[in-house]
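What follows is calculated from the coordinates using simple rules that are stated; it is not laboratory data. If you're wondering where the values come from, they're calculated on a predicted model, not measured in any experiment. Cβ atoms come from the backbone with ideal geometry, glycine included; neighbour counts cover every protein chain shown.
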Amino acid sequence: MESALHLGKQLQTLRIKNGYTQREIGRLLGIDRSTYAYYETNRTTPPLSTLKKLAAIFNVTVNSLLDNEANQPIVCDPDSLSFTDFDHNLSHVYDLQPEERQLVALFRLADKNSQKDFLSLLFQYVHKQKSKHPEC
């Protein structure tokens with residue numbers, strides 16, 4: 001039960017650290033905001049498939065989400081809301097605009113082939129835009 005209690009706090013900390021709202025995470029997971037809020041408040045536990053998606057969005061492992069509290073580094077000073085980096089999560093997603101965070105999260109949720117296809121399409125689109133508007 002202790003790790004379940006920790007899971008909600010871990011999800012909340014990661015969400016805030018990465019600059020997402022509960023609504024944004026719910027939309028990325030295809031669930032209602034209130035369902036996601038239940039995960040953070042430990043009213044319900046997300047299924048494994050959802051845990052895998054959350055781990056991808058936050059760029060952590062499922063194991064790190066499920067580790068018990070005694071093994072976790074301190075990630076948040078609740079009084080100052082300053083965060084330290086996880087060793088395995090050095091991204092600065094929280095510095096991005098909401099649309100950019102959504103793009104990163106969706107990219108992380110895609111499989112490797114889809115990621116490659118998406119990057120290829122994005123490069124093509126940007127190159128096409130530059131050729132239409134050389135001043136950009």
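List the lysines whose alpha-carbon lies under 22 Å from that of K9, not counting same-chain residues fewer than 8 positions away?
K17, K52, K53
Each residue of the range 100-108 in turn: what ³J(HN,Hα) in whole Hz from Karplus with 6.51, -1.76, 1.60 and θ = phi - 60°, glycine and Pro shown as x?
Taking θ as phi minus 60°, the curve returns 5, 4, 5, 4, 4, 5, 5, 4, 5 Hz for the range 100-108.
Using the Karplus equation 6.51 cos²θ - 1.76 cosθ + 1.60 (θ = phi - 60°), what ³J(HN,Hα) coupling, rounded to whole Hz, does each residue of the range 20-34 give in order, writing x for Gly and Pro?
Result, rounded to whole Hz: 9, 8, 4, 4, 5, 5, x, 5, 5, 8, x, 10, 6, 4, 5.
How many nm is it between the label spots at V104 and F118, if each spot is 7 Å from the Cα in line with the beta carbon?
The modelled label-to-label distance comes out at 1.3 nm.
Taking amide H positions as placed in the peptide plane 1.01 Å from N, state which residues far from T44 in sequence (5 or more) or on other chains have amide H under 5 Å from it.
For T44, whose amide H was placed from the backbone, the distant partners under 5 Å are Y39.
Working out 0.36 nm times the residue gap between R43 and L96, then minus their Cα-Cα distance, what length gain in nm do you get to one decimal? Spell out each step's value before the answer.
Working: separation 53, 0.36 × 53 = 19.08 nm, distance 3.03 nm.
Going from the current span to full extension adds 16.1 nm.
Taking the Cβ-Cβ separation of R23 and H127 as r and a Förster radius of 35 Å, what is the calculated FRET efficiency to the nearest 0.05?
Details: r = 34 Å, r/R0 = 0.97.
With R0 = 35 Å, the Cβ-Cβ based efficiency is 0.55.
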